[in-house]
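Encoded as structure tokens, the structure appears first; notes follow it.
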Amino acid sequence: MIDYISPLPKAQDLPSFPRRLCVLGATGSIGESALAVAADHPGQFEITALAGARNVTRLAEQAARFRPRYLAVLDEGGAKELKGMLPAGYSPEILHGPGAYVTLAALPEAQVVLSAIVGAAGLPPTLAAAQSGKVIALANKESLVLAGHLIRRACRESGAVVLPVDSEHNALFQSLAGHSGDDVDHLILTASGGPFREWPAADLASATAAQALKHPNWSMGAKISIDSATLMNKGLEVIEACWLYGLPQERVKVLVHPQSIVHSLAAYRDGSLLAQMGQPDMRIAIAYCLCYPSRLPLKIAPLDLAALGTLTFREPRADDFPCLNLARQAVAESPGHCVALNAANEVAVEYFLKDRIGFTDIARAVSWALDRQQGLDDPDFMTIMEVDQATRSAVAAYLTGTT
Ligand code: NDP
Ligand code: MG
């Protein structure tokens, strides 16, 4: 039985075109792809707000191109620098600090919020968008991992709509549309398997960050690329699917599909599998969410199934890549465990990217954090932030050997 996270209004009740967008994480991989879609479809979108963090130069270029009324960056120095980079005669409001993203997410002028900040930093603005009744194109899966229950509740109260940008969840959203949720038996998330899917288990301990960053099929930011290599990305996606579709983790299965063409499947009780297929290009899922329920013509080569020839599927190597089952364990235990899982992973990935720990230490740190986490069934926002911070400090101490 599917119980979707938010209401899904009829087409006529959704914002008309041009839609006014707030893009959070504009300077990242998803943000850039979203702005490429907007640039290719003049007249369909107005960019009301753009938010980056540290890449002020890129944000200034985007701002000069789209002329939003609001901009946000991480700190005051960045805000001053940004102001000096803008073209003459254009003076938007420039906000800074974590609160700035929350303000932008709730702007009365913005109708659709693309939530594409990376990591737990995406939670406060995503929750603000949910509380403000926005249409949320949700890429930031971490906000559902941390607070799926709060986002679900906020959407029900405000009428906010969540549309999943994550390609697997977007595929499921499309494969479930128009069908009765009662007829669904389970969901199947596909996984590329990451750059190490063929590596012998014994070699994984010596895998480097440079090797892990070379994803075979998708071009993405650094954090999610490492998550794909450890299979933590698929673990986070299992939790994301549980919150989006209202299912227990046993009914969210995972199959490795190295070609990344079938983006996920819904399995119905009569044995039918409905899938969405497409090129591994995030513009498809992004454009679908920004224009929902209509579709844009995209400049993407059509899928040539005859040229592809073969699509393959197999079980994940769960023993060699323990993060997938650690995520299952966390969501089966409690929302508090999911917060600890995410925080430990973010710290460990950061250390791995700086060559301070090895590849297999990421799962070791997450497992350690889960073992020391107490069950929390309905944590409020402040409790989530406290568990997040406490876990980060504890894992940092553990990894640097001071625990
Ligand atoms: P990137 O690392 O490419 O971009 C991250 C964005 O977040 C940048 O705009 C960055 O700003 C901003 N940012 C970083 N830290 C903060 C902070 N503390 N506060 C506010 N903004 C911050 O990530 P991706 O675009 O790859 O991923 C974004 C999200 O989308 C993630 O949650 C990821 O899991 C999800 N996702 C991504 C997919 C992909 O294909 N890339 C696919 C599916 C989901 P700046 O660069 O200016 O510092
Ligand atoms: Mg995904």
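For residue 107, the criteria (1) aliphatic (A, V, I, L, M); (2) open to solvent by 30 Å² or more (accessible area, probe 1.4 Å); (3) closer than 26 Å to residue 151 by Cβ hold in every case but one, which is (2). Look at residue 159 and say whether it is within 20 Å of residue 21 (Cβ to Cβ), open to solvent by 30 Å² or more (accessible area, probe 1.4 Å) and in contact (Cβ under 8 Å) with a residue 60 or more places away in the chain. Answer is yes for this residue.
Rundown of residues vs (1) under 20 Å from residue 138 (Cα atoms); (2) away from ligand 1 (no atom under 16 Å from the Cβ); (3) not in a strand (DSSP E or B), yes/no style:
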site: 218; (1), (2), (3): yes, no, yes
site: 250; (1), (2), (3): no, yes, yes
site: 260; (1), (2), (3): no, no, yes
site: 296; (1), (2), (3): yes, yes, yes
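Test residue 78 against the stated conditions and say whether it is surrounded by fewer than 19 Cβ atoms within 10 Å (Cβ to Cβ), more than 16 Å from ligand 2 (Cβ to nearest atom) and either under 25 Å from residue 347 (Cα atoms) or among the hydroxyl-bearing types (Ser, Thr, Tyr) (or both). Against the criterion (surrounded by fewer than 19 Cβ atoms within 10 Å (Cβ to Cβ), more than 16 Å from ligand 2 (Cβ to nearest atom) and either under 25 Å from residue 347 (Cα atoms) or among the hydroxyl-bearing types (Ser, Thr, Tyr) (or both)), residue 78 does not qualify.
Of the residues making up the range 17-28, one or more are hydroxyl-bearing (Ser, Thr, Tyr) and either touching a residue at least 12 places away in the same chain (Cβ under 8 Å) or open to solvent by less than 10 Å² (accessible area, probe 1.4 Å) (or both).
Considering the range 32-72 alone, what residues qualify as being within 16 Å of ligand 2 (Cβ to nearest atom) and of a type outside the set (A, V, I, L, M, F, W, C)?
If we filter the range 32-72 for residues that are within 16 Å of ligand 2 (Cβ to nearest atom), which is where we start, we get 33-34.
33 - this is the single residue of the range 32-72 that is within 16 Å of ligand 2 (Cβ to nearest atom) and of a type outside the set (A, V, I, L, M, F, W, C).
If you go through the range 4-23 one residue at a time, do you hit one that is within 14 Å of ligand 1 (Cβ to nearest atom) and outside the structural domain of residue 183 (by TED's automatic domain parsing)? Within the range 4-23, one or more residues are within 14 Å of ligand 1 (Cβ to nearest atom) and outside the structural domain of residue 183 (by TED's automatic domain parsing). Taking each residue of the range 234-254 that is without any contact (Cβ under 8 Å) to a residue 60 or more places away in the chain and looking for partners that are more than 16 Å from ligand 1 (Cβ to nearest atom) and open to solvent by 10 Å² or more (accessible area, probe 1.4 Å) with beta-carbon atoms closer than 6 Å, six or more apart or interchain, yields nothing. Taking (1) more than 17 Å from residue 78 (Cβ to Cβ); (2) free of Cβ contacts under 8 Å to residues at least 24 places away in the same chain in turn, residue 140 satisfies each apart from (2). When the residues of the range 39-55 are filtered to those that are among the hydrophobic types (A, V, I, L, M, F, W, C) and open to solvent by 10 Å² or more (accessible area, probe 1.4 Å), the one that is nearest to ligand 1 (Cβ to nearest atom) is 53. Only one of the listed residues (129, 171) is within 16 Å of ligand 2 (Cβ to nearest atom) and surrounded by 19 or more Cβ atoms within 10 Å (Cβ to Cβ). That residue is 171.
Which residue, of 148, 221, 178, is over 17 Å from residue 323 (Cα atoms) and outside the structural domain of residue 321 (by TED's automatic domain parsing)? Steps first, please.
Details: 221 fails: outside the structural domain of residue 321 (by TED's automatic domain parsing); 178 fails: outside the structural domain of residue 321 (by TED's automatic domain parsing).
Testing whether each residue is over 17 Å from residue 323 (Cα atoms) and outside the structural domain of residue 321 (by TED's automatic domain parsing) leaves just 148.
For the range 180-215, a residue qualifies if it is open to solvent by 60 Å² or more (accessible area, probe 1.4 Å) and either part of a strand (DSSP E or B) or within 16 Å of ligand 2 (Cβ to nearest atom) (or both), and exactly one does: 185. One residue is enough: does the range 157-179 have a residue meeting the conditions among the aliphatic types (A, V, I, L, M), more than 13 Å from ligand 1 (Cβ to nearest atom) and in a helix (DSSP H, G or I)? Checking the range 157-179: at least one residue is among the aliphatic types (A, V, I, L, M), more than 13 Å from ligand 1 (Cβ to nearest atom) and in a helix (DSSP H, G or I). If you go through the range 13-37 and keep only what is of a type in the set (A, V, I, L, M) and part of a helix (DSSP H, G or I), you end up with 30, 34, 35, 36, 37.
Working only within the range 262-286, note down all residues that are of a type outside the set (A, V, I, L, M, F, W, C) and part of a strand (DSSP E or B).
From the range 262-286, those of a type outside the set (A, V, I, L, M, F, W, C) are 263-264, 268-272, 276, 278-281, 283; that's our starting set.
Answer for the range 262-286, where residues must be of a type outside the set (A, V, I, L, M, F, W, C) and part of a strand (DSSP E or B): 263, 264, 268, 276.
The values are calculated or read from the model by the stated rules, or taken from the named source; none is laboratory data. Since the model is a prediction, treat every value here as computed from it, not as a measurement. Here the Cβ is made from the backbone with ideal geometry for all residues, glycine too, and neighbour counts use every protein chain on show. When the accessible area is computed, the model is the full protein with side chains, heavy atoms only, and any ligands, DNA or RNA have been set aside. Shrake-Rupley method; radii C 1.70, N 1.55, O 1.52, S 1.80 Å.
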